Amino acid sequence: MPRTRPWEVSDEFWALVEPLIPKKERREGKTYKRKPGAGRKSAEPRTVFSAIVYVLRTGIQWNALPKEKFGVCSSTVHRNFQEWSRADLFLQLWQKGLSEYDDMEGIAWTWQSADSSSIEAPLALESVGPNPTDRGKKRKQTTRTSRRAWRPAIAYRHRSQSA
């Protein structure tokens with residue numbers, strides 16, 4: 001069975017993404033040191049987008065992006081990611097994908113629900129009992145120990161005074 005590579009950008013997906021990528025334009029009224037087209041060539045947008053998808057799918061750090069795999073420096077990829085984020089490329093891509101999914105499958109927009117288990121239920125503490133990790137502890141967790149509160153031996157001293 002061949003291995004799947006979820007970070008690879010297919011031709012069909014690139015056809016959806018390519019029109020959304022912002023074009024770099026020269027600003028009117030600004031004086032440039034180089035003529036149009038001079039200097040280092042910019043990286044291909046498809047290669048940069050593939051590298052961004054690779055970083056986001058694998059969860060690696062930007063600096064860990066293998067240059068041998070994409071032929072693009074990680075700082076170039078990150079800079080383009082930031083520029084495209086400011087230009088709302090990923091928001092537009094998400095909206096386009098959401099509308100396409102709505103056309104294919106249909107989303108029930110009238111009924112939505114949210115579920116979260118990241119907070120404790122305040123009224124369920126009586127029925128649930130103490131946290132299993134705290135059951136072996138002898139003292140109550142909210143009370144402080146009987147130690148005195150820390151404070152310096154001298155309230156205030158000048159540099160000329162000895163300690």
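Here, each number is a calculation from the coordinates, and none is a lab measurement. Computed from a prediction, not measured in an experiment: that's the story for all the values here. Glycine also receives a Cβ, built like all others from the backbone with ideal geometry; neighbour counts cover every protein chain displayed.
The figures follow:
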{"quantity": "Residues of the stretch 48-64 that turn out to be of a type outside the set (Ser, Thr, Tyr), under 15 Å from residue 9 (Cβ atoms) and surrounded by 13 or more Cβ atoms within 10 Å (Cβ to Cβ), as a count", "calculated": "6"}
{"quantity": "Subset of the stretch 65-82 (residues that are over 15 Å from the mean Cα position of the chain (by Cα) and surrounded by fewer than 13 Cβ atoms within 10 Å (Cβ to Cβ))", "calculated": "66, 67, 68, 69, 71, 75"}
